[in-house]
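Report on one structure; see the data block that follows.
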């Protein structure tokens, strides 16, 4: 994400924290900021139904599945340096070797990552982020948070996200059209992830009595499995972060 995107995130968080400051605090276990979180969650839901969902459905309709798959592969490949850094920080050397191999193969033979050639060679992808790394170092999750547009998080994951955005390789590069590239990348990532969750979100909204609680519980379980390298495949689960 470019400087514009980071600034927007900071301003958004500040706005919603300020706007919700008058709400009475209800200290639920693991979610002491629930009144504020629910207010932000309500905003995210409105924004999703009014903008993101219709855009995602249009993107799904006009974009053939192979093209969407190529977009996903390309975006995942761009994230490889971040995954590699966290593999190393966690001492997962075999995973680090796989990440390096995948990045090298897909960036060259795979046409910049559009084609996942490495998967065909038996080198499966995985995902690591700084939030997971901090967890392996004994840093507690802190209070549950719902970020404007970004969705579910916690203090540890938010710290990891902010650090990754600041230290992203793209932040240190200079090329013509960098800001445009960053915005297009963000837009594509948003649409791609939302398309993947269209059916899942429909079922959740239809079958749950309290969507907020269901998503909070689901997010916490996903993070636990990710931190412990559990059996759940993250690609087979809905990604409730509206932007990433």
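Condition check: at pLDDT 95 or above and in a helix (DSSP H, G or I). Does residue 56 satisfy that? Steps first, please.
On the way: at pLDDT 95 or above: no; in a helix (DSSP H, G or I): yes.
For residue 56, the condition - at pLDDT 95 or above and in a helix (DSSP H, G or I) - is not met.
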**Study point:** Conditions (1) closer than 25 Å to residue 163 by Cβ; (2) at pLDDT below 95; (3) not assigned by TED's automatic domain parsing to the domain that holds residue 190: number failed by residue 31
**Key:** (3)
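Filter the helices (runs of 4 or more DSSP H) completely within region 119-230 down to those with at least 3 residues that are over 20 Å from residue 80 (Cβ atoms). Walk me through it before giving the result.
On the way: elements: 130-136, 155-167, 178-196, 198-207, 211-227.
Those helices (runs of 4 or more DSSP H) span 155-167, 178-196, 198-207, 211-227.
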Check your understanding: In region 38-58, what residues are closer than 15 Å to residue 150 by Cα and under 18 Å from the mean Cα position of the chain (by Cα)?
Key -> 40, 41, 44, 45, 47, 48, 52, 53
Practice item. Looking only at region 159-182, decide whether some residue is touching a residue at least 24 places away in the same chain (Cβ under 8 Å), over 28 Å from residue 114 (Cα atoms) and surrounded by 13 or more Cβ atoms within 10 Å (Cβ to Cβ). Key: yes
Check your understanding: Would you call residue 116 modelled with pLDDT of 95 or more, in contact with a helix residue (DSSP H, G or I) (Cβ under 9 Å, 6 or more places away or on another chain) and closer than 23 Å to residue 160 by Cα?
Key -> no
Review point. Looking at 131, 113, 120, which is the one that is within 16 Å of the chain's Cα centre (by Cα) and not assigned by TED's automatic domain parsing to the domain that holds residue 36?
Key: 131
Revision key, fill the gap. When every residue in region 94-141 that is closer than 19 Å to residue 71 by Cα and in contact (Cβ under 8 Å) with a residue 40 or more places away in the chain is compared, the one surrounded by the fewest Cβ atoms within 10 Å (Cβ to Cβ) is 127
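Take region 122-139 and flag every residue that is more than 19 Å from residue 91 (Cβ to Cβ) and in contact with a helix residue (DSSP H, G or I) (Cβ under 7 Å, 6 or more places away or on another chain).
We begin by selecting, within region 122-139, every residue more than 19 Å from residue 91 (Cβ to Cβ); these are 122-125.
Those that are more than 19 Å from residue 91 (Cβ to Cβ) and in contact with a helix residue (DSSP H, G or I) (Cβ under 7 Å, 6 or more places away or on another chain): 123, 125.
The values are calculated or read from the model by the stated rules, or taken from the named source; none is laboratory data. Source: prediction; values computed, not measured. All Cβ positions, even for glycine, are placed from backbone atoms using ideal geometry, and neighbour counts span all protein chains on display.
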